[in-house]
Amino acid sequence: MRLHRLFICLTVLFLALAAFPAMAQLSKKDKKKAEKQNQDTKTADPKFNFYFFSGLKDKSLNNMEPALENFNRCLELDPTNDAVMFEIAKIYVLRNMNDKAAELMEQAVKISPDQEWYLQLQAQIYEETNKQEQAANCYKHLLELYPDRVEFFFKLANAYIFSNKFTDALKVYDKLEAQIGITEDVAIQKQKI
């Protein structure tokens, strides 16, 4: 019995020691990540932060003109800040200034091509300006990034339908059915085509 306990203790000790380097490596990664975040915080421009958060506050209070002023000040300080471009584009969409919004979103997506919210807003702008093929491209990219998101299948199919690409829309619905099975919603949409 003593030998059995000794064996168990040695096994536990061995497993703990074997796991220690992996835990140490994980903590090194966490340290590097924390150092980078700390460094980013140190180098962040306090003026930029003030204008950005003032812009968000103004926008949340529906004060769009001061929000635009604050966001534009941010762009003066950092002309490649995609988050600011996104915020300004959202205001432009609310004001039906879709051409300006589209320009900003094209720049933002170039900077962060896999950012879901940027791609969704860009697709929305394309839909509203009847640029269905560009909207379809956005939804295709979103489906590459998020292949389980059913709503992107429907939006892609709709973009194809509005651009009179009915065969492509049916292919999207077929792909969706292969993924989730036959559903009433998909069957109805296919029947409409």
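Each residue in the stretch 76-90 was checked for being of a type in the set (Val, Ile, Thr) and surrounded by 14 or more Cβ atoms within 10 Å (Cβ to Cβ), and 2 pass. Scanning the stretch 115-148 for residues that are at pLDDT 95 or above, part of a loop (DSSP other than H, G, I, E, B) and among the charged types (D, E, K, R) turns up just one, Lys131.
A count restricted to the stretch 121-133 and to residues that are open to solvent by 40 Å² or more (accessible area, probe 1.4 Å) and of a type in the set (S, T, N, Q) stands at 3. Residue selection: Lys100 fails the criterion of being among the basic types (Lys, Arg), closer than 23 Å to Glu151 by Cβ and either surrounded by fewer than 22 Cβ atoms within 10 Å (Cβ to Cβ) or under 21 Å from the mean Cα position of the chain (by Cα) (or both). Evaluating Ile182 against the criteria (1) at pLDDT 90 or above; (2) open to solvent by 80 Å² or more (accessible area, probe 1.4 Å); (3) outside any helix (DSSP H, G or I) leaves one unmet condition, (1).
For the stretch 50-75, residues that are open to solvent by 40 Å² or more (accessible area, probe 1.4 Å) and either of a type in the set (Gly, Ala, Ser) or within 17 Å of Glu103 (Cα to Cα) (or both) total 2. Considering (1) within 19 Å of Gln132 (Cβ to Cβ); (2) under 26 Å from the mean Cα position of the chain (by Cα), the lone condition that Lys192 does not fulfil carries the number (2).
Listed here are the residues, each with its yes/no results for (1) in a helix (DSSP H, G or I); (2) at pLDDT 95 or above; (3) among the basic types (Lys, Arg).
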residue	(1), (2), (3)
Ala19	yes, no, no
Glu35	yes, no, no
Phe50	yes, yes, no
Ser54	yes, yes, no
Arg73	yes, yes, yes
Lys90	yes, yes, yes
Val93	yes, yes, no
Lys100	yes, yes, yes
Glu106	yes, yes, no
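The values are calculated or read from the model by the stated rules, or taken from the named source; none is laboratory data. All values derive from a computational prediction rather than experimental measurement. Ideal geometry is used to build each Cβ from the backbone, glycine not excepted, and the neighbour counts take in all protein chains shown. Surface areas here come from the heavy atoms of the whole protein model, side chains and all, with no ligands, DNA or RNA. Shrake-Rupley method; radii C 1.70, N 1.55, O 1.52, S 1.80 Å.
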